[in-house]
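**Q** Structure in structure tokens, see below.
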Amino acid sequence: MRQKKRIGLRVFAVCLSMLFVLFFLVACDEENGAATPQHSHEWSGWTIAQQPTCTENGKRERSCACGAKDEESIPKTGHLFSEAWSYSATEHWHMAVCGHDDVTDARGVHALKDGECSVCGYIRGENPSDPDIPDGATVGLEYRAVPGKQEYMVTGIGTALGTQIVIPESFKKIPVTQIAEGAFYEEAGIEEVVLPEGLTSIGNQAFSGCPDLQTVNLPEGIVSVGDSAFARCSALSEVFVQKAEYGVRVFGACEGLKKAEFASGMTKVPESMFADCSALEEVILPDSIVSIEGDAFFNCTALASVDLPKNLETFGGCAFYGCSALQSVSVPAKVGTLPSQLFQNCEGLREVSLPAGLTVIMDSVFSGCSALGEIAIPAGVSSVGGSAFKDCTSLATVSLPAGLEKIERFAFSGCSSLSEISLPDSLTSIGDSAFEFCTALEAIEIPAGVQEIGEIGTGAATEVMGGVFAGCNALASITVEQGNERYYAEGNCLIDREHKLLIAGCKNSVIPEEGVTAIGNGAFRWHFGLTEIKIPDSVIEIGECAFEACTGLTRVDLGEGVERIGAFAFYSCTSLDRIVIPESVTDIYLNAFSYCSALTEVFACIEHDYYDWAKAFVNWAPPNVSPHIYWLGEWEYDAQGVPVPLAP
């Protein structure tokens, strides 16, 4: 019974297996794509899976309801070319219209016969055509797509011909919005540039150094113009500056530029915009201008006048530096600071009007304005900057405000027409060399509130630079207002009470016998009217350049307490014919008596070779005269107190 049961199960399994085999025989054979006689594929229509391009194959697909798929390759199209000829002055070609700007077809040299090409129809001398740009635009320029935008930029002159460059509004129907950096750098022969209204950007040095460029009109829509974009365009004569952002030196060194006008709405004259435009005569600035930046009109030597906008608030340093034809300036009311070198070397500047609200005059603002005759400094100014009026050789009248606190170093140096000046009671500080070479200045009184004169160190003259009144040859009187705790005057000498330092002297100075231990650096420097001086025994040190170039000095009596004679102390005292070096002297520094061309006799109260005489007495004595140093024991004083050599 069990055996029959097992046989029945086996028969059932075999039958079941045959049913499965029969099922698969009527199904599709997916591996070879072939159908059994019982099935035929019913394909769908073809669909494009990948479009072919001019350089790559495409692909199409179809499918069956049973799940089978089929695909085919679509051949690449190859480049498509315009039927019209493009040409330059030497060649012709068909341009690709498939987006590959660098691909051409049938390129060849013109086959010219009687001046006409038999292939493309080009006529010699004709301006080439280009179907990719609007009519009237210059053909042959080079272009590049602007990264990340549907825009083009002009990158170079390419094969373009002619004296006029017309930048197209579009290239291949895509807007041209930029001119690249250096696109036309130093291209000769371009006389006119026409820019499209859609142009927004001109790169750095785009037209820099185009020597023949005479005309350019910036479009109203311009957004930015780069550094030196039109610099050194020497034939450019006139510009209209549209409202935009500008780099530095945009029109710098355009030597033929005569007129510049700014559009209303512009708020600043950019940095160095017209620097070194030596022919610039006329500048028209709208009232919207609030700032004239540094070097804006640097060395515009033909600029004789400029109307500064009423809303102007700030200047940059050197804005009008070297404008030597500028004759008058009225600084607008809103300006509070005159920055460094603003009008320096404006040699023709005669009149200056400063606003009541001015508070700061910085270094060298009017330095070298040799025609400026007078100046009234407003009440709000607390400090006159270093060299502010240096070398204003015609400046005869200076009005200083009651609130002025500081006069910085060299502030009025070289004001050779200044014969008098009243220092206000509010003054607390006078910088070194502040009145140096004020050769007409006859008298000076230091106010009671002054607590700093020059740059003095502790206890000696080693830090004073050159002498606050050095070279003031007419100066005959030095006084200090009563009540000054730091300084006093005696014998027409200005003396620092705390350091016992003689700061300044004049042609009438007599150094007091007590209270002075050091003569400051440059204290009598360049005082040509000083004829003799006695250094008292209380003086220990004579500072550097103390009596330098006192060319009228014929006699110097050194006190018995002098220990140190500084470098250049009596340098170029050309009338000094003899000097006695006292025994107390331990140091004579470099060139102390060099170039004392009349000095023939030195009487030393010390032993031979005590000093390095060669360095202290360089080129002394007259030509063809042998100078002599008499050492201790080789000379004596006569009955009149004059040193004389002993007989051998």
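The values are calculated or read from the model by the stated rules, or taken from the named source; none is laboratory data. Not measured: the values here are computed from a predicted model. Cβ: placed from backbone, ideal geometry, glycine included. Neighbour counts: every protein chain shown. Heavy atoms of the whole protein, side chains included, go into the accessibility calculation; ligands, DNA and RNA do not. Shrake-Rupley method; radii C 1.70, N 1.55, O 1.52, S 1.80 Å.
**Q** Mind listing whichever residues of region 493-546 are assigned to a loop (DSSP other than H, G, I, E, B), touching a strand residue (DSSP E or B) at 6+ places or on another chain (Cβ under 7 Å) and open to solvent by less than 20 Å² (accessible area, probe 1.4 Å)?
**A** G505, C506, S509, I511, P512, V516, G520, A523, I535, V539, G543, A546
**Q** Okay, next question. Are any residues in region 287-303 in contact with a strand residue (DSSP E or B) (Cβ under 9 Å, 6 or more places away or on another chain) and open to solvent by 20 Å² or more (accessible area, probe 1.4 Å), and if so, which ones?
**A** Result: S288, V290, S291, E293.
**Q** Being under 23 Å from Q214 (Cβ atoms), touching a Pro at 6+ places or on another chain (Cβ under 7 Å) and in contact (Cβ under 8 Å) with a residue 24 or more places away in the chain is the requirement here; does I167 meet it?
**A** Yes: the conditions hold for I167.
**Q** Regarding D105, is this residue touching a residue at least 12 places away in the same chain (Cβ under 8 Å), outside any loop (DSSP other than H, G, I, E, B), among the charged types (D, E, K, R) and surrounded by 12 or more Cβ atoms within 10 Å (Cβ to Cβ)?
**A** Spelling it out, D105 is indeed touching a residue at least 12 places away in the same chain (Cβ under 8 Å), outside any loop (DSSP other than H, G, I, E, B), among the charged types (D, E, K, R) and surrounded by 12 or more Cβ atoms within 10 Å (Cβ to Cβ).
**Q** Here's another thing I want to ask about it. Please enumerate the residues belonging to region 213-236 that are among the acidic types (D, E) and either loosely packed, with under 15 Cβ neighbours inside 10 Å or closer than 11 Å to V193 by Cβ (or both).
**A** Result: E220, single match.
**Q** Right, here's the next one. What residue, of G158, G148, is closer than 28 Å to W93 by Cβ and open to solvent by 10 Å² or more (accessible area, probe 1.4 Å)?
**A** Being closer than 28 Å to W93 by Cβ and open to solvent by 10 Å² or more (accessible area, probe 1.4 Å) holds for just one of G158, G148, which is G158.
**Q** Continuing with this model, one more query. So is A183 open to solvent by less than 70 Å² (accessible area, probe 1.4 Å) and either among the basic types (K, R) or farther than 29 Å from A231 by Cβ (or both) or not?
**A** Taking the combined requirement at face value, the residue does not satisfy it.
**Q** Taking into account only those residues within region 321-369 that are hydroxyl-bearing (S, T, Y) and surrounded by fewer than 19 Cβ atoms within 10 Å (Cβ to Cβ), which is nearest to C300 (Cα to Cα)?
**A** S328
**Q** If I ask for residues that are open to solvent by 20 Å² or more (accessible area, probe 1.4 Å) and at negative phi, which ones from region 186-210 would you list?
**A** E187, A188, E191, E192, V194, E197, G198, T200, S201, N204
**Q** When L475 is evaluated against the numbered criteria (1) open to solvent by 10 Å² or more (accessible area, probe 1.4 Å); (2) touching a Leu at 6+ places or on another chain (Cβ under 9 Å), which criterion, by number, is the only one it fails?
**A** Going through the list (1) open to solvent by 10 Å² or more (accessible area, probe 1.4 Å); (2) touching a Leu at 6+ places or on another chain (Cβ under 9 Å), L475 breaks only (1).
**Q** Something else about it: Say whether the condition of being surrounded by fewer than 20 Cβ atoms within 10 Å (Cβ to Cβ), closer than 27 Å to F528 by Cβ and modelled with pLDDT of 95 or more is met by at least one residue in region 457-464.
**A** no
**Q** So which residues in region 557-578 are surrounded by fewer than 20 Cβ atoms within 10 Å (Cβ to Cβ) and either free of Cβ contacts under 8 Å to residues at least 24 places away in the same chain or hydrophobic (A, V, I, L, M, F, W, C) (or both)?
**A** A567
**Q** Continuing with this model, one more query. For region 75-100, what are the residues that are surrounded by fewer than 17 Cβ atoms within 10 Å (Cβ to Cβ) and under 17 Å from L141 (Cα atoms)?
**A** A89, T90, H100
**Q** For region 235-314, which fully contained strands (runs of 3 or more DSSP E) count at least 1 residues that are more than 22 Å from G348 (Cα to Cα) and touching a helix residue (DSSP H, G or I) at 6+ places or on another chain (Cβ under 8 Å)?
**A** none
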